[in-house]
Each structure stands twice: as structure tokens, then as C-alpha cells.
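A.B. asks: One structure is given below, represented as C-alpha cells, and several questions about it will come after.
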Amino acid sequence: MKRIGMLTSGGDCQALNAAMRGVAKTLLNSGEKVEIYGFLDGYQGLIYGRFRLLSYDDFSGILTKGGTFLGSSRTPFKTIQVPGPDGVDKVAAMKQTYYKLQLDCLVILGGNGTHKTANLLRTEGLNIVTLPKTIDNDLWGTDMTFGFQSAVDIATAAIDAIHTTAASHGRVFIVEVMGHKVGWLTLNAGIAGGADIILIPEIPYDIKKVAKKIQQRHERGSRFTILAVAEGAISKEDALLSKKEYKKKLENYKYPSVSYEIAEALSKTGGFDVRVTVPGHTQRGGSPCPYDRVFASRLGSEAGNMILRGEYGFMVGYKNREMVKVPLEEVAGKLKMVDPESSIIKEAKMLGISFGD
């Protein structure tokens, strides 16, 4: 018999349930006797032994459901080896739960922080297989992460909806898209939604050049301008600050987010009538799009096959339209950033989109 543990960690997204379903159905249909234990609320469930034995029925009817039926939580990697207020040694507790249940493998679905902890558990001797979950699409070693396309669809819909009200009132609209460190989501939603200006963390912006682009549109007869702004967008001035200096600035930050700072600057610089829209966590919510349902199912199925073959210590990745095994040590701690010199950026600029640089 194979005993498998499964957990979802970090921020939720669409197709987590679809991915778990893919793993479970592959294992349960393999002919081998399998027990699957679901840990509740991510690593917290593994640490404190909160789990339940899952049946075939648990994975029925969940393909189209967003979120995660196991629950999720954030357990920061930077404190994973530091005892909490209750004095619990988190790593030792996770290992104890793993061995108590006599697990053959632990399947972990998550993003960057999740993969750091997964790799740590691998070095501690646990058999680990991971799946690439994040709306940011910033995991190293895979062309795509599940949840990303669904989030692109939602962010694009928000930009689409802004077009008519922006045109009606002749306003500048900023749509703030999720993404603290990378701009894949903002970049793709911005292009798909016809944004005139896209600001992402990888390309620091010059507010004067942003204002100039808006002014040029007005002079050309365009009544409105739409900006797709990543929540981690940063000005050229702030990009020159040290981490310590930038952190100090944020401690005294008077704006709800960078979009409101940009809005105020544009109002002062060019006298523009600016409004901010923040889709926020709607980008993580709702039913997964068809692409993500297929993609997550494929990733889950491959993870199940890897477990049946006894291939551990890997993330299931996606390269050149095929599933691949990526060693966890190559994934952990790395971000897949948008290259400012990449073809997609160059093509967007040829379309007339400004990145404020």
C-alpha cells in the first residue's frame, strides 16, 4: 500500500482542487492500494497533525471549484526553523507527523515560499513531489503555473469593463493588478485588456514619461487612458534606494498602494482626472478557466505517475508544452522575472504600449 499526504500552502488560487483531483484519480485508478491523507490549512496541518483520510468521493465534483477544499495558510519560510510562541519546533513536528502516518510521499501544492519549505523537507529525508501553484507565474523551472491563466482572465475582464466608463467621462483609469515582485500577470492582462500603459516591478517607471504618454493620447484625440499597474510597480527614484531606505519609506507611506501614489502624481504633474480600481482578491477567486482545469489536471496526473514510479524530490514543471521533472533544489529560492529585453516587452512597445521607461 502507498500512503500519500497532500497539502495546499500559501495564497489560494483557481485549480488547486483540479490539481489535487488529478493526483488522486491517477493514484486511485492505478490498481494499487492507496491511502491519501489531506492536511488542513497547509503546513499548519502537517505541523499540528490536523488531517483526515480522504476517499474517492472527496475528489468528485471539485474540478470546477476554486479555492482549496483542504484550506490553506501562509507559513513563512524565514521563520520555519524558528519556534513559534507555543515553542513548537515546526520542522521536527512536520517530520514526526510524516513518519507517524508512515507516508510514502508528501504532495505539496504552492508557490515560492512553499517550495522553499518543500525543499527543506526534502533535505530532511522526506519524499516530496510538488505542483506549481501561483497566479504570479513566477516559479523557476516551469513555463506556466496553474491559477495564472484564470487570474489573467479576471484581471483582463476588469480592464475591459473600465474602458466604457473611462471613455464616457474622459478620465485616466489605473487598474491595479496583483504582483508584488514580478509583472507577468499585469503584463498579460494589460496587453489582453488593451491598456495604454503597463507598469511592472521589473521596469522602474518615470512618472514624467507616464504623464507624457497620457498627454500624447489626449493631443491625438483619445478621451481616456488606461494604466495596468502591478501592486509592486516602482519608480526609478525608489529603485535607486537601498532596501533599508525603501523599507523606511514604506513605514511612513501615506497611500493605500502604489496606484494611489501614481494617481496623485499624475494629477499634480498633468492635471489629469484620475481614478483607481483595485480588483484585489477577485483575481484569486471563482471557478478555474478551462485552460487551468486541463493544465492542473495534467500536472496532477503526472505527479501521480511520478509517485507510482517512486520518483521523488521534484516539482512537476511545464516546458515546451510538455510535463517535465524539475529538481526541487533548482526551484527553491528562485524567481522567474519578466526580462525587460524579452520579446513580449518589445512586441508590446511596438503596439504603442508604454512602460514608463
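A.B. asks: Bin all alpha-carbon pair distances of region 1-92 at 5 Å intervals from 0 and give each bin's fraction as a whole percent.
C.D. replies: Computed distribution, short to long bins: 3, 13, 22, 21, 17, 11, 8, 4, 1.
A.B. asks: Okay, moving on. Write down the Kirkwood hydrodynamic radius of region 66-108, to one decimal in angstroms, obtained as one divided by the mean of 1/r over all alpha carbon pairs.
C.D. replies: 12.3
A.B. asks: Can you pull out the trypsin sites (Lys or Arg not before Pro) in region 189-259 whose DSSP state is coil and whose Cβ has at most 13 other Cβ atoms within 10 Å?
C.D. replies: In loop regions of region 189-259 (DSSP not H, G, I, E or B), the sparsely surrounded trypsin sites (Lys or Arg not before Pro) are Arg220, Arg223, Lys254.
A.B. asks: Please sort through the DSSP H helices of the chain and keep those with an alpha-carbon extent of at least 30 Å along the long axis and a Kyte-Doolittle average not below 0.0.
C.D. replies: Those that pass (Cα extent of 30 Å or more, hydropathy at least 0.0) are 148-169.
A.B. asks: If all Cα-Cα distances of region 1-159 are sorted into 5 Å bins from 0 onward, what percent lands in each bin, rounded to whole numbers?
C.D. replies: Over region 1-159, the share of Cα pairs per 5 Å bin runs 2, 9, 18, 22, 20, 15, 9, 4, 2, 0, 0 percent.
A.B. asks: Need one number: convex hull volume per residue for region 5-54, Cα atoms only, in Å³.
C.D. replies: Per residue, the Cα convex hull of region 5-54 comes to 61 Å³.
A.B. asks: GluC sites (Glu not before Pro), restricted to region 229-312: which are DSSP loop and have at most 16 other Cβ atoms within 10 Å?
C.D. replies: Counting only loop positions with at most 16 other Cβ atoms within 10 Å, the GluC sites (Glu not before Pro) in region 229-312 are Glu311.
A.B. asks: Can you give me the orientation-averaged projected area of the convex hull built on the Cα atoms of region 60-137, in nm²?
C.D. replies: Averaged projected area of region 60-137's Cα convex hull equals 6.6 nm².
A.B. asks: Turning to a different aspect of this structure: Rg/Rh for region 110-175: what does it come to with C-alpha atoms and Rh from Kirkwood?
C.D. replies: Here the Rg-to-Rh quotient is 1.28.
A.B. asks: Any chance you could list the semi-axes, whole Å, largest first, of the equivalent ellipsoid that the Cα gyration tensor gives for region 250-344, using √(5λ)?
C.D. replies: 41, 18, 14
A.B. asks: Relative contact order (percent) for the chain, with alpha-carbon contacts under 8 angstrom and 6 or more residues of separation?
C.D. replies: Relative contact order comes out at 24 percent.
A.B. asks: With the Cα gyration tensor of region 176-231 giving a ≥ b ≥ c as the square roots of its eigenvalues, does the rule (a/c under 1.5 for rounded; else a/b larger than b/c for prolate; else oblate) give rounded, prolate or oblate?
C.D. replies: Oblate is the answer for region 176-231, as a/c is 1.5 or above yet b/c matches or exceeds a/b.
A.B. asks: Next question. Report the residue, chosen from Val177, Val278, Val34, that carries the largest GNM mean-square fluctuation when the chain is represented by alpha-carbon nodes joined by springs under 10 Å.
C.D. replies: Among Val177, Val278, Val34, the largest GNM mean-square fluctuation belongs to Val34.
A.B. asks: Another one. Could you pull out which residues in region 202-243 have an amide N less than 17 Å from a spot 7 Å beyond the Cα of Leu351, following the Cα-Cβ vector?
C.D. replies: Label zone hits: 225-230.
A.B. asks: For the chain, what does the helix formula give at 222 nm: sum of -39500 (n - 2.57) over DSSP H segments with n ≥ 4, over the residue count, nearest 500 deg cm²/dmol?
C.D. replies: -12000 deg cm²/dmol, from helical runs alone.
A.B. asks: Comparing Ala15, Ala166, Ala296, which has the greatest mean-square fluctuation in the GNM of the chain with Cα pairs linked when under 10 Å apart?
C.D. replies: Ala166
A.B. asks: List, largest first, the extents of the alpha carbons of region 147-209 along their principal axes, each in whole Å.
C.D. replies: Per principal axis, max minus min of the Cα coordinates gives 33, 32, 15 Å.
A.B. asks: Bin by bin, in steps of 10 Å, what percent of the Cα pairs in the chain do you find, going until the bin that has the longest distance?
C.D. replies: Answer for the chain: a P(r) of 5, 24, 29, 21, 14, 6, 1, 0 percent.
A.B. asks: How many percent of all Cα-Cα pairs in region 232-304 sit more than 21 Å apart?
C.D. replies: I get 55 percent for the Cα pairs in region 232-304 exceeding 21 Å.
A.B. asks: Right, here's the next one. Could you check the simple spin-label distance between Glu330 and Thr282, using points 7 Å along Cα→Cβ, in nm with one decimal?
C.D. replies: That separation, rounded to one decimal, is 3.9 nm.
A.B. asks: Moving on. For region 108-223, just say rounded, prolate or oblate: build the C-alpha gyration tensor, square-root its eigenvalues into a ≥ b ≥ c, call rounded for a/c under 1.5, and beyond that prolate if a/b exceeds b/c, oblate if not.
C.D. replies: Because a/c hits 1.5 or more and a/b exceeds b/c, region 108-223 counts as prolate.
A.B. asks: Top mean-square fluctuation among Val182, Val316, Val294, Gaussian network model of the chain, C-alpha springs under 10 Å?
C.D. replies: Of the options given, Val294 has the highest mean-square fluctuation.
A.B. asks: To continue, here is another question. Counting other C-beta atoms within 10 Å, and keeping those with at most 16, which DSSP coil chymotrypsin sites (Phe, Trp or Tyr not before Pro) do you find in region 1-91?
C.D. replies: In loop regions of region 1-91 (DSSP not H, G, I, E or B), the sparsely surrounded chymotrypsin sites (Phe, Trp or Tyr not before Pro) are Phe69.
A.B. asks: Let's see if you can work this out: charge +1 on each Lys and Arg Cβ, -1 on each Asp and Glu Cβ, no other charges. What is the dipole magnitude of region 259-357 about its Cα centre, in debye to the nearest 20?
C.D. replies: 320
A.B. asks: May I pose another question? Please work out the Kirkwood hydrodynamic radius for region 158-276, using every pair of different C-alpha atoms, and report it in angstroms with one decimal place.
C.D. replies: 14.5
Read-outs throughout are calculated quantities, based only on the coordinates presented, and are distinct from any laboratory measurement. Keep in mind the model is a prediction, meaning the values are calculated, not measured. Every residue, glycine as well, gets a Cβ built from its backbone with ideal geometry; the counts of neighbours run over all protein chains shown.
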